[in-house]
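Here's the structure, in structure tokens; my notes come after.
The values are calculated or read from the model by the stated rules, or taken from the named source; none is laboratory data. Here the structure is a predicted model, which is why all the values come from computation and not from measurement. Please note: Cβ atoms are built from the backbone with ideal geometry, for glycine as well, and neighbour counts cover all protein chains shown.
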Amino acid sequence: MHTTFGLLLAAPPWRLIGNVAIVVGAVFWLASAFWVFRDARRRIGSTLLVGIATLLGLAAPLLGPLVYLFFRPAELLREVRERELELRVIEQRLALRGIECPTCRASVEPSYLVCPICTTHLRQACQSCNAPLEAIWLACPYCAAPVPPAASLPGGPSARAQLRAPQQRVSN
Ligand SMILES: [Zn+2]
Ligand SMILES: [Zn+2]
């Protein structure tokens, strides 16, 4: 009687605890694999790589998610997108701000031929219509006149001065 009572008390709880442990383990395993899937989707753009990460999380309980943690990209895709957007906004703002004089850093308009502060030659005027020309243009876009090779090097005097500067430093 005593042993039967003991068996009744002892055996089922152990089996219950074992079953509960198995269920908890399975839930934890599936939850960690799902976490890997959700986290990978927020960090990795490629569907194939997200699938591989999820498989890793499923195939190796505990170890898979741990390995994924070590190798996952540091940044979220949303953060990467936000950073790229910010960079584009900064670039646009810089483009709107115009260009700087290469000598005195004063802000100059794209139409300026000469820096008004330090008189550095910024652009050559078209010989036919006097429009300001960019350095790399081979023809004037306003009147179709070809730009002579010598004229397509604006800031010639300043460029020559910059070339001379190191020699002066050497002679000093
Ligand atoms: Zn200047
Ligand atoms: Zn022209």
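The table that follows gives values for the structure above.
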| read-out | value |
| --- | --- |
| Hits in the stretch 94-124 (condition: outside any loop (DSSP other than H, G, I, E, B) and either touching a strand residue (DSSP E or B) at 6+ places or on another chain (Cβ under 7 Å) or surrounded by 13 or more Cβ atoms within 10 Å (Cβ to Cβ) (or both)) | R97, I99, E100, S107, V108, V114, H121, Q124 |
| Residue in the stretch 83-98 that is among the polar types (S, T, N, Q), more than 16 Å from ligand 2 (Cβ to nearest atom) and assigned by TED's automatic domain parsing to the domain that holds S32 present | no |
| Pair list, Cβ under 9 Å, 6 or more apart: the stretch 21-38 residue within 23 Å of R72 (Cα to Cα), other residue of a type in the set (D, E, K, R) | V36/R72 |
| Residue in the stretch 31-47 that is at pLDDT 90 or above, away from ligand 1 (no atom under 16 Å from the Cβ), over 28 Å from the mean Cα position of the chain (by Cα) and loosely packed, with under 13 Cβ neighbours inside 10 Å present | yes |
| Which listed residue, of S152, S111, is among the polar types (S, T, N, Q), over 24 Å from L94 (Cβ atoms), modelled with pLDDT under 90 and within 16 Å of ligand 2 (Cβ to nearest atom) | S152 |
| Every pair of residues 6+ apart whose Cβ atoms lie under 9 Å, when the first sits in the stretch 111-126 and is within 18 Å of W137 (Cβ to Cβ) and among the hydroxyl-bearing types (S, T, Y) while the second is in a loop (DSSP other than H, G, I, E, B) and within 16 Å of ligand 2 (Cβ to nearest atom) | S111/R123; S111/A131; Y112/R123 |
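One line per residue, one yes/no per condition, for (1) loosely packed, with under 12 Cβ neighbours inside 10 Å; (2) modelled with pLDDT of 90 or more:
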position	(1), (2)
T4	yes, no
L7	yes, no
R15	yes, no
A26	yes, yes
Y68	no, yes
